[in-house]
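Please treat every number below as a calculation from the coordinates, not as lab data. If you're wondering where the values come from, they're calculated on a predicted model, not measured in any experiment. Don't worry about glycine lacking a Cβ; one is built from the backbone with ideal geometry, like all the others, and counts go over all protein chains shown.
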Amino acid sequence: MIFIIGVSGCGKSTIGKLLSKELNIPFFDADDFHPESNIKKMSNGKALNDDDRQGWLESLNELAKSELAKNSCVIACSALKQNYRDILRKDLESETKWVHLSGSFDQIYKRMKSRVDHYMPSELLKSQFDILEHPKEALQVDITKSIVDIVDTIKNELMNKSQFGLFGLGVMGKSLCRNLANKGFKISMFNRHVDNLEVEIAKNFKTEFSELSNASAFDDISAFVNSLQQPRCIMLMVNAGKTIDHVIEDLFPHLSENDILIDGGNSNYNKTKERFDYLKTKSIHFIGAGVSGGEEGALKGPSIMPSGDFEAYKQVQPFLETIAAKDKNSLPCCTYIGSEGSGHFVKMVHNGIEYVEMQLLAEITSILEALGQNNDEISNTLESWKTTTDSYLLDITATIFRKKEGADWLVNKILDKAGNKGTGNWTTIASAELDVPSTLIASALFSRYISFYKDERIQLNNNFEKANNSALNISVKEVLEAYQFARIINHYQGFKLISEASNKHSWNLNLSEISRIWTNGCIIKSTLMKELVEVLKNTTNILTNQELINTLNIYKPSIKKLVSACVLNDLSVPSLSESIQFFNGITNPNSNANVIQAQRDYFGAHTYQRIDDASGKSYHTNWN
């Protein structure tokens, strides 16, 4: 759907007719669709107002829809204001292209004076220039060029160039390319060239999959950028940190005003804000987009968490929402999160919740093993839990425990040292900076750190006696209930952290919408997450929901019994333990912090407040 726009006298109809002929698609002049009332008003020398134009613009939108259902078309329409263009492209955002025929007032006025059939008073033409809202999303075409050159420019820019660029062909980048191509987008793909190490990666990748036959492959940055329609949309799928900054600097000389860069990696949200602010000074838009789902999700539909300038997001919205996973109502698991680096913050917390979910399952499987189950039996137990507490991580863990290599299970041969890429660390730091007790995330993170010390763990194991696990007196049903209890606490802490960050940074985040886009495509999708979509429509604190209150009350005896049994039998279950410890703390109206405050006042004169004085007055005591 191509709209040719501009002030009167710029040549919209002439260019539109010739372009439609070249492309063999219909042409329509918007002026031919004015209702009789508008025609009469203009005939009397009166200017149309926005109310007059509303119905006319809506009729053009319907025309575009009907023509698009058959093939395509070109429509010439002045469309001087952004809200006019919004009406014209309603429900057609991803299928609409704009061409702005631009020239100076003097150029167009001189042209109109020479045309007997198109003379316009200078005052009226000046008024059009005055109300013109520069169309950022349009292809800008200089009217001083010849008609043939203008049409060729439009054809080359709109019809032959790629709609979307992807920079970096690692595992995720490749999967996203295939996803975009499978959805019908014409894309350009870039991967760097490194002699004897990375050679023709993009070109070789293109030949590997039939869906990429129409994609363009590059290892030259300039050619890659120039292959894209303007404003360019380029998604960066490279390692977080300095690499992103280097890539931005490499791209910048080739970019134009209003181009859009999307960081789809696991970047720190503070760095995303810095890049957003920096590129804004260069008139380049920057979107930080958390992407969850791994290789399979990126290919079949991930959960995407974009943030930045909302107007820029609208430009990339058709791409991101089309390739995203779909929820139970077939809505995309992608939504505009908020401003600055909020998208990467939300993805960071997603990963923190993920750390805990993984740790809880690791602890649970250790308990099931201590109860005498072999790996096949553990897998069967986890499979049986899907009816009540299904999740992606539960599903893959059941699969992991069934996988054999030779006569033994593969998981038994894996070295017990867990890696991490920093997001759990960042989440814990952010929690401390925001004064939010995300204790389970910290516990899961530190459990991974403990796993690093393999040699020391072996040495210390020889120094201390261990209890015999034969005394572990707990049922599989109680293990399940304890697991469910801990998961609710984990999700409470995660959404609490997002809520507090939203308040501090004035992001105005929608917790229910965030949970909705986490119901499919991402690593932490689960039946619990689906339940939280409705819960979070009415509260930012899930522990105030009556159904969850009832559930925790039912499961509390099981978590207490399980943790106690594990401690007595020397089984390490830090995240399960922390769930009940945190619960006991957050539900205790009278904590022991009064002792700490007294200690602080004793050695540092930090003062304290009194429970028998509601004024908030600070007191200090000479404790000697």
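Count the DSSP beta bridges whose two residues both fall in the chain, then state the antiparallel fraction as a percent rounded to the nearest 5.
On the way: 11 of 46 bridges.
DSSP beta bridges in the chain are roughly 25 percent antiparallel.
Its alpha carbons considered, segment 491-572 gives a radius of gyration followed by a Dmax of 15.6, 47 Å. Considering only Ser222, Ser59, Val194, and ranking their Cα positions along the charge dipole of the chain that arises from unit charges at the beta-carbon of Lys, Arg, Asp and Glu, the one farthest toward the positive end is Ser59. Summarising the label geometry, the points placed 7 Å from Cα in the beta-carbon direction at Asp245 and Ala223 lie 3.1 nm from one another. With a cut-off of 13 Å on the backbone N, the residues of segment 600-622 near the modelled label site 7 Å out from Asn594 along Cα-Cβ are 609-613. In whole angstrom, the chain maps to an equivalent ellipsoid with semi-axes of 57, 30, 23, each derived as √(5λ) from the alpha carbon gyration tensor and ordered largest first. Would you mind checking the pairs Lys40/Lys113; Lys126/Lys282; Lys496/Lys617; Lys326/Lys560; Lys271/Lys314 and listing those with alpha carbons more than 27 angstrom apart? Pairs exceeding 27 Å: Lys126/Lys282; Lys496/Lys617; Lys326/Lys560. Put simply, the Cα atoms of segment 510-624 extend 60, 43, 25 Å along their principal axes, the longest span coming first. Computed from the C-beta positions of Leu393 and Phe464, the FRET efficiency with R₀ = 35 Å rounds to 0.60. Measuring nothing but how far apart in sequence close Cα pairs (under 8 Å, 6+ apart) lie, relative to its length, segment 348-586 scores a relative contact order of 28 percent. With r as the distance between the Cβ atoms of Asn160 and Lys314 and R0 = 30 Å, compute the FRET efficiency 1/(1 + (r/R0)^6) and round to 0.05. The value I calculate is 0.75.
Which loop chymotrypsin sites (Phe, Trp or Tyr not before Pro) in segment 455-550, with loop taken from DSSP, have no more than 15 other Cβ atoms within 10 angstrom of their Cβ? Answer in residue order: Phe464. Between Lys145 and Ser384, the modelled labels are 7.1 nm apart [label points 7 Å from Cα along Cα→Cβ]. Taking each DSSP H run with n ≥ 4 as -39500 (n - 2.57) and averaging over every residue of the chain yields -16000 deg cm²/dmol at 222 nm.
Based on the mean of other beta carbon atoms within 10 Å per residue, what is the order of 296-307, 168-179, most packed first? Present the calculation step by step, with values, prior to reporting the outcome.
Numbers: 296-307: 24.8, 168-179: 22.5.
Highest to lowest by the protection proxy: 296-307, 168-179.
Here the gap between Leu410 and Asp51, fully extended at 0.36 nm per residue and compared with their Cα-Cα distance, gives a gain of 122.3 nm. Report the paramagnetic label zone for Met42: residues of segment 72-104 whose backbone N is under 16 Å from a point 7 Å from Cα along the Cα-to-Cβ axis. Backbone N within reach: 75-81.
Based only on Cα atoms, what mean projected area does the convex hull of segment 290-339 have, in nm²? If you can, show how the numbers build up before the last one.
Values: hull surface 13.3 nm².
Here the figure is 3.3 nm², rounded to one decimal.
The distance separating the Cα centre of segment 555-624 from that of segment 269-297 comes to 39 Å. When the alpha-carbon atoms of segment 1-127 are used, the pair Rg, Dmax equals 14.7, 41 angstrom.
Contour minus end-to-end for Asp130 and Tyr602, with contour as 0.36 nm per residue of separation and end-to-end as the Cα-Cα distance?
162.9 nm
Centre-to-centre separation between the Cα atoms of segment 485-550 and those of segment 184-259: 36 Å. Going 7 Å from the Cα of Asp32 in the Cα-to-Cβ direction, what parts of segment 73-88 have a backbone nitrogen less than 19 Å from that spot? Backbone N within reach: 73-79. Ranked from largest, the principal axis spans of the Cα set of segment 191-231 equal 34, 25, 9 Å. Within the same chain, aspartates and glutamates fewer than 8 places from Lys186 are excluded, and of the rest, those with a Cα less than 19 Å from its Cα are Glu93, Glu95, Glu137, Glu157, Glu208, Glu211, Asp219, Asp220, Asp259, Glu321. Annotation: aspartates and glutamates with alpha-carbon distance below 18 angstrom to Lys328 (same-chain offsets under eight excluded): Asp390, Glu513, Glu531, Glu534. With a sphere of radius 15 Å drawn around the Cβ of Lys504, what net charge do the other residues whose Cβ falls strictly inside it have (Lys, Arg +1; Asp, Glu -1)? So the environment of Lys504 carries a net charge of -2. Partners of Lys17 within straight-line reach, counting lysines whose Cα lies under 21 Å from its Cα and excluding those fewer than 8 residues away in the same chain: Lys65, Lys70, Lys97, Lys145, Lys155. Simple spin-label estimate for Ile586 and Asp612 gives 3.4 nm between the two label positions (7 Å along the Cα-to-Cβ direction from each Cα). Highest-first packing order for the peptide set 264-271, 203-210, 101-108, 609-616 is 264-271, 101-108, 203-210, 609-616, based on the mean count of other beta carbon atoms within 10 Å.
To the nearest 20 debye, what charge dipole does the chain have about its Cα centre, counting +1 at the Cβ of each Lys and Arg and -1 at the Cβ of each Asp and Glu?
On the way: 67 positive and 76 negative charges, 109 e Å.
Value, rounded to 20: 520 debye.
Mind checking the dipole of segment 255-385: about its Cα centre, +1 per Lys or Arg Cβ, -1 per Asp or Glu Cβ, Debye to the nearest 20? Roughly 580 debye for segment 255-385. Quick one: in segment 162-340, what % of C-alpha pairs are over 27 Å apart? More than 27 Å apart: 19 percent of the Cα pairs in segment 162-340. Two numbers describe the Cα atoms of segment 198-303: Rg and Dmax, which are 14.6, 41 Å.
Shape analysis of segment 348-586 yields a ratio of the Cα radius of gyration to the Kirkwood radius, Rg/Rh, of 0.96.
With point charges of +1 on the Cβ of Lys and Arg and -1 on the Cβ of Asp and Glu, referenced to the Cα centre of the chain, which listed residue (His254, Ser72, Ala482) lies farthest in the positive direction of the dipole? Positive-most Cα among the choices belongs to Ser72.
Sparsely packed loop sites in segment 114-194 (the GluC sites (Glu not before Pro) outside DSSP H, G, I, E and B with at most 14 other Cβ atoms within 10 Å) comprise Glu133. Length gained on full extension, Ser122 to Glu93, computed as 0.36 nm times the residue gap minus the Cα-Cα distance: 7.0 nm.
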